[in-house]
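Working notes, beginning with the structure itself.
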Amino acid sequence: QVQLVESGGGLVQAGGSLRLSCATSTSIFSINTMGWYRQAPGKQREMVAIIRSGGNTNYAESVKGRFTISRDNAKNTVYLQMNSLKPEDTAVYYCYALYFVNYWGQGTQVTVSS
């Protein structure tokens, strides 16, 4: 069982920045893949960024060059640094972990005002 606790969401103006954190109850050395997904009202949940145990990353085209995913193994935490935020980035952001099965955090709201 892996527990994921997100923090760092909030309200920001367009062009601003936020950093999301996801703390895990299990050593992230053991977790193959972690990442962030988001879901806007009326839309399907979509992948934002993932990072694998070897450090490889993938990003959605819409966030490339603006968002950066990273992991701190000592703190068992994964981060999502979001810069140059746009109103279309408004969504609930969910932390994700693949550890034999999929695990999800409770979600954190990110709202970008124009």
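Around residue 94, under 12 Å between beta carbons, what's the net of Lys plus Arg minus Asp minus Glu among the other residues? The partial results should precede the final answer.
On the way: positive: 38, 45; negative: 6, 46.
Net of charged neighbours comes to 0.
Rolling a 1.4 angstrom probe over the protein heavy atoms, how many square angstrom per residue are accessible across the chain?
In whole numbers, the chain has 52 Å² accessible per residue.
How do 43, 86 stack up against each other in accessible area, from largest to smallest, with a 1.4 angstrom probe? Mind dumping the intermediate values first?
Details: 43 140, 86 80 Å².
The residues order as 43, 86, largest area first.
Separation between the residue 100 and residue 1 pseudo-spin-labels, each 7 Å from Cα along Cα→Cβ, expressed in nm?
1.3
Of all accessible surface on the chain at a 1.4 Å probe, what whole percent is carbon and sulfur? Display every interim value, and only then the final one.
Working: 2760 of 5940 Å².
For the chain, the apolar C and S fraction of the accessible surface comes to 46 percent.
The values are calculated or read from the model by the stated rules, or taken from the named source; none is laboratory data. Only a predicted model underlies this, so the values are computations on that prediction, with no experimental measurement involved. Note: ideal-geometry Cβ built from the backbone for every residue, glycine included; neighbour counts use all protein chains shown. What goes into the accessible areas is simple: the full protein's heavy atoms, side chains included, and nothing from ligands, DNA or RNA. Shrake-Rupley method; radii C 1.70, N 1.55, O 1.52, S 1.80 Å.
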